[in-house]
1. Residues in segment 178-200 near a label at Met132, defined as backbone nitrogen under 20 Å from the 7 Å Cα→Cβ point?
2. Whats the longest run of the chain with zero GluC sites (Glu not before Pro) that are DSSP loop and have at most 16 other Cβ atoms within 10 Å?
3. Order these by the 10 Å Cβ neighbour count, fewest first: Thr67, Thr31.
4. Specify the angular offset, from 0 to 90 degrees and rounded to the nearest 10, of the alpha carbon long axis of helix 222-236 from the longest principal axis of the alpha carbons in the chain.
5. Using a Cα-Cα cut-off of under 18 Å, which aspartates and glutamates could be cross-linked to Lys343, ignoring same-chain neighbours fewer than 8 residues away?
6. Stretch Gln45-Lys357 to full length: gain in nm at 0.36 nm per residue minus the Cα-Cα span?
7. When DSSP beta bridges are limited to those with both residues in the chain, what percentage is antiparallel, rounded to the nearest 5?
8. Among Leu375, Thr89, Leu276, pick out the residue whose Cα is farthest towards the positive end of the charge dipole of the chain, where Lys and Arg carry +1 and Asp and Glu carry -1 on C-beta, about the Cα centre.
Amino acid sequence: MSDIHPYDKTVFPGGTRLILVPMESVESVATSVMVEVGSRYESPQINGVSHFLEHMVFKGTKKYPTTDDVNFIERMGGLQNAYTDVDITSFHNKLMASDWKEALELNKEFALYPRLEEQYVEKERDVILEEMKRYEDDLPVRVSEEFQKLMYPKTSLGMRVIGEEQSLRSSDANTLREYHDSMYTPERIVVVLAGNIKYQKSLPRRQAGNIKNTHSASSGQANQILNIKRQAEEWFSNGSQRKCLKEAYKKVIDRQEKPALSIVTKKDAQQAHLTLGIRTFSRGSEDRFSWNVFNLLFGVSFTSRLFKEIREKRGLCYAIRSGSDNWDDVGYWSIYAGVATEKVGEAVSAIIDELKKAVDKGVTEKEVAVAKKRLLTMISFKTEDPEFMAEYYGQQELRHLPILTIDEFFEKIGEVTKEAIGALIKKYVVQKCLNLAVVWKRGQDEKLIKVLKL
């Protein structure tokens, strides 16, 4: 497969980076302004402020001062949204390709010029507190948060993205402004446009400034791409002397010596929700390619080992799945399942039995071939969507990873062998790193710790 989606990277004075991903086969464009900030960069006293700030930008910006003004993207037929996670906040939208400038300008306003007025802060705090209550009732989310806390206790990595009620109630407009001023600095921002960029509206000619090109796209689109660069530089090079005032987060060092258990009682829970996981690797590790294949064959969808054994053969659950979370310093792989309360011990034992089989016997050539085919097909489908392409390239750049094109990623997956997967299973699936979080209607049950044996 040839890489039909080459990217173009530009670094503006001040450090803001621009990534362009031309896609000639679509009629839309996705724009994102990603900021390297999230719950991991917070203290317990202001936990949730990144997410709070993301909410507040929709109350108005310098150019679009009201919520109604901000929502013009929807009136144009487009999609607009934002999200906050552990170490990223992203403002993103999708419109017809001819409307790229309006789309990008709104995200520029969100990231750089939110109004953050106290009268709206009070109202939006109540909205977020209601969102928090919803998560309390969403037990798969609740157990995921508890598992994160179990893995990284007393660290910012273990804090909830949404924050805690006390920290939210103590945050005001000044808290948000100070946080924005200190964290939303040029070197922490990545701007991304992906889609059909051949329908550019002409922009006034101006000097492009000190633009550093590090990767060039096809020459046939050079003029159009230069127009976007000029406009993006004008918008995102302002305030380029402002540097981040906050120190980076404290890195986590894994030192687990024995299995760990955390139980949360939710008296009205109709089902038990569990997450069982292990410690793995940081996001830049070369192990991620083989592990992606293993994860797919072991715990994703109908053909996976977990689905066939735990759901189909044993009938212990309706939902079961596995997945990874990785950061700059550490990472984990986990398995989620929703089971009958009285069958938690049986379900955990059954999952661990499958892990034992993987450790002892590895995986088969057929499983690897099927998983690789599935993974490459799934990614191929996603590359047809500009929003996926913006996320794929933008997140790599934001996280300071060497950017892999789609073709290069496919090559890495193609090189995965069953021997490599088998070696990683033995490396990471070890008893001392077993962790189990459970949310159910019962109280504490330390007997479950005895089940965590390989």
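Read the figures in this text as sums done on the coordinates, not as results from a lab. Since this is a predicted model, take the numbers as computed values, not measurements. Note that each Cβ is placed from the backbone with ideal geometry, even for glycine, and that neighbours are counted across all protein chains shown.
1. Zone members listed by number: 178-180.
2. That gives 287-383 as the longest site-free run.
3. Details: Thr67 11, Thr31 32.
Lowest to highest Cβ neighbour count: Thr67, Thr31.
4. Here the helix axis deviates by roughly 90 degrees.
5. Asp268, Glu309, Glu312, Asp353, Glu354, Asp445, Glu446
6. So the chain would gain 107.8 nm between Gln45 and Lys357.
7. 80
8. With unit charges placed on the Cβ atoms, the residue in question is Leu276.
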